[in-house]
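Working notes, beginning with the structure itself.
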């Protein structure tokens, strides 16, 4: 008799915490499924993987993954992860959070972590809304889309997150939708194996709030939209990948560059100036 | 445990309080500091930025105080002793993560070199105005520990105390310096490493599967853990159960929050440090702390030279507030003067604890200069009249 195959997703989850809080049709769970497979493919030992989240629907990921995990404050997952990553250089630190958490309240930390090239992978689930608080507008909500705080349609310009991360010097920038599970898993696997700051945007449906308020149908309808209107363009200039309301979505791996990480820069500079007097910071290596 | 002799700057030094604080943190085992420049605290991190690369520590200047106040907590969960350093306006920004440290029971040391506020206030001039903010500044109920040094020597000695208390009680611990103590040059004796008592972090010995991060197995605190030990821990700022998992109900909230308070409140005698002098039978006792403690000591000398019976109580530990000690003063002295560089913060605590069984007077001002001994002496005489 052969043993039943182990579901790689279950291995990553704190099954005693199921069922999760995510709505049916939500894309966050799909991204976690890809994440679990990517960890397996990247060959990362669970004891050397730490997941940090902020607040919000996507911020709940840290609570469901069965690794050392931290559910921090709104927008501040990245600075927590910075202290953790610098003090635990043998581990892989992943920040898993949403568009509102990472690009609005946490926007300052996002750009500085990318600039410093801290060793971390940031997975940003972008569902164009604050789901946990009832569907308010975020910096990524497309213009004219309705949110509870833009009842006449959003009138603000939006963040093009891959372009922002590119400008800040991120080592690796990719975007996929919840429809592109194989590509997303592959990009996650690649990011997990890289040093430095890597960023993946996952465009995900929020049927309960974003789609319903904009009369865009259920989760299946959003998948249909992603399937029909996504265009794969690896290496596309990030200035060309802005997302409009129900527009074409350019997906792919946009940026990959070599660049010394924060720790590499630190150690190189200190060695140059202090020579043998320099003692590297090892945290709890 | 003793400090690490390879890093302790043993010897006699003539340094200011900020540098003494930095050296004390090193002696206490602190190896990671996240901070953001702010007067009058900046020299603490400037000194550490020079020292740390030579002793295997790291200073990172973050993008703001909000980031600093959580970045160092990430290092703590990696297993490192860590702190942040700031002054009033930065402290205001850090309140969110004071709450996180309280809720996740993170051994978290915050150095606050106080200046006059509110808002930008007087950046280069002293005050003692953050006393209530560190106690109540983050939303919700929780306990904290706060110490106030009166000299560069105490900046060294008591930052070590702060780190030791943080390990023992797993809560936010504030080191309440002020501009004068921070910038005052003085003789600082840094002892041999073996003479410096350092509480090392004790990690749980329980194997994965038999350990819950917020369960009390023995003693009075949960057992500490760090990442990578195989326990697959989870911490959250949400109300949680002993496993660290969210528990969204009033019963879990009540149990957890009462414990966060009582784990400190039940140990007041163990935590609190103070100096007493000639209180019994005095006509007036001056209560003070920080740099004002030195003003009070000098003023008492002047008063006693004139034949006045003046007692002194200098609080090193401000929080938890030593209510039993203060309440007992009603039987020991005939009047109390509280001297502090604010318009009444510890003063109200003293009034509350003594329940007006003894008259309590305030000598304070809104900050900007230390309290003049002459002003304090005059008030003592008025009280005695």
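The values are calculated or read from the model by the stated rules, or taken from the named source; none is laboratory data. Just so it is clear, the structure is predicted and the values come from calculations on it, not from any experiment. Reconstructed Cβ throughout: ideal geometry from the backbone, glycine too, with neighbour counts over all protein chains shown.
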*Out of all the residues in segment B:179-215, which are within 20 Å of residue B:103 (Cβ to Cβ) and under 25 Å from the mean Cα position of the chain (by Cα)?*
B:201, B:214
*asked:* Would you confirm whether or not segment B:55-74 contains a residue that is modelled with pLDDT of 95 or more, crowded, with 22+ Cβ neighbours inside 10 Å and away from every other protein chain (no Cβ under 13 Å)?
replied: no
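Filter the helices (runs of 4 or more DSSP H) completely within segment A:1-105 down to those with at least 1 residues that are farther than 30 Å from residue A:224 by Cα and free of Cβ contacts under 8 Å to residues at least 12 places away in the same chain.
Hits in segment A:1-105: A:77-87.
Tally up the residues in segment B:222-251 that are away from chain A (no Cβ under 14 Å) and either in contact with a helix residue (DSSP H, G or I) (Cβ under 6 Å, 6 or more places away or on another chain) or surrounded by fewer than 17 Cβ atoms within 10 Å (Cβ to Cβ) (or both), please.
Within segment B:222-251, the first condition is being away from chain A (no Cβ under 14 Å), and the residues that meet it are B:222-223, B:249-251.
Now drop any that are not either in contact with a helix residue (DSSP H, G or I) (Cβ under 6 Å, 6 or more places away or on another chain) or surrounded by fewer than 17 Cβ atoms within 10 Å (Cβ to Cβ) (or both), which leaves B:249-251.
Qualifying residue count for the region: 3.
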*Could you figure out which of (1) within 23 Å of the chain's Cα centre (by Cα); (2) within 14 Å of chain B (Cβ to nearest Cβ) isn't true of residue A:209?*
(2)
*Which one of the conditions (1) farther than 17 Å from residue A:130 by Cα; (2) outside any loop (DSSP other than H, G, I, E, B) does residue A:209 fail to meet, given that it meets all the rest?*
(1)
_Given (1) part of a loop (DSSP other than H, G, I, E, B); (2) at positive phi; (3) within 14 Å of chain B (Cβ to nearest Cβ), index of the condition residue A:284 fails_ = (2)
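Quick check: anything in segment A:11-27 within 27 Å of residue B:62 (Cβ to Cβ) and more than 14 Å from chain B (Cβ to nearest Cβ)?
Quick first cut of segment A:11-27, residues within 27 Å of residue B:62 (Cβ to Cβ) only: none.
No, segment A:11-27 contains no residue that is within 27 Å of residue B:62 (Cβ to Cβ) and more than 14 Å from chain B (Cβ to nearest Cβ).
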*Output yes when any residue across segment B:111-125 is over 25 Å from residue B:169 (Cα atoms), more than 14 Å from chain A (Cβ to nearest Cβ) and surrounded by 23 or more Cβ atoms within 10 Å (Cβ to Cβ), and no when none is.*
yes
*May I ask you to list pairs of residues, at least six apart or on different chains, whose Cβ atoms are under 8 Å apart, with the first in segment A:260-281 being more than 11 Å from every other protein chain (Cβ to nearest Cβ) and the second being assigned to a helix (DSSP H, G or I)?*
A:260/A:268
*Report yes if residue A:172 is within 23 Å of residue A:24 (Cβ to Cβ) and touching a helix residue (DSSP H, G or I) at 6+ places or on another chain (Cβ under 9 Å), otherwise no.*
no
*Please specify each residue of segment B:180-206 satisfying the condition of being assigned to a helix (DSSP H, G or I) and either closer than 23 Å to residue B:150 by Cβ or in contact with a helix residue (DSSP H, G or I) (Cβ under 8 Å, 6 or more places away or on another chain) (or both).*
B:180, B:181, B:182, B:183, B:193, B:195
